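Notes follow once the structure below has been shown.
The values are calculated or read from the model by the stated rules, or taken from the named source; none is laboratory data. In this text the structure is predicted, and so the values were computed from the model without any measurement. Note that each Cβ is placed from the backbone with ideal geometry, even for glycine, and that neighbours are counted across all protein chains shown.
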Amino acid sequence: MAKRKLSSDINVVPYIDVMLVLLIIFMVTAPLLVQGIQVDLPEADAESMTSQQDEIYMSVDRDGQLFLTIGENQAEPLSDEQLIEKVGALVRAKPEQLIYVEGDSAADYGHVARGMALLQRAGARKIGFVTKPEEAAK
């Protein structure tokens, strides 16, 4: 029976796997840290979506004011017409653009529904809701 020679090399494959997982976690969470409007998001048990660099957020605060955040640009309150105009221009440039809706949990549902109707009137085809996971709220 032949004796096997002992190898003193370090196996770095597990370290590479850990680093790739950490890289993915940081890439997903970093864009979430730069949002401009403070809203108290409702809780939902839903799967997380992948993020993009040029994200568009329509936020509704508790008073029903509408905000539009594009990438890292700071949002300002917009009228209905201004929102339709800005989103319409963005959607014409990129028809498959996903627009995230952030509604404050204390906001009247009618304000959030009005914002979604304005997005549809502007031509948005893909609209997603932003919530925080139920575990994070506890």
Look through the stretch 78-114, keep the residues that are free of Cβ contacts under 8 Å to residues at least 40 places away in the same chain and under 14 Å from TYR57 (Cβ atoms), and return whichever of them is surrounded by the most Cβ atoms within 10 Å (Cβ to Cβ).
VAL87
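On the given criteria, is ILE16 in contact with a strand residue (DSSP E or B) (Cβ under 7 Å, 6 or more places away or on another chain) and either of a type in the set (A, V, I, L, M) or at pLDDT 85 or above (or both)? Quick ask: steps written out before the conclusion?
Numbers: in contact with a strand residue (DSSP E or B) (Cβ under 7 Å, 6 or more places away or on another chain): no; either of a type in the set (A, V, I, L, M) or at pLDDT 85 or above (or both): yes.
For ILE16, the condition - in contact with a strand residue (DSSP E or B) (Cβ under 7 Å, 6 or more places away or on another chain) and either of a type in the set (A, V, I, L, M) or at pLDDT 85 or above (or both) - is not met.
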Here, helices (runs of 4 or more DSSP H) confined to the stretch 37-138 with at least 1 residues that are at pLDDT below 85, within 21 Å of PHE26 (Cα to Cα) and among the acidic types (Asp, Glu) are 134-137
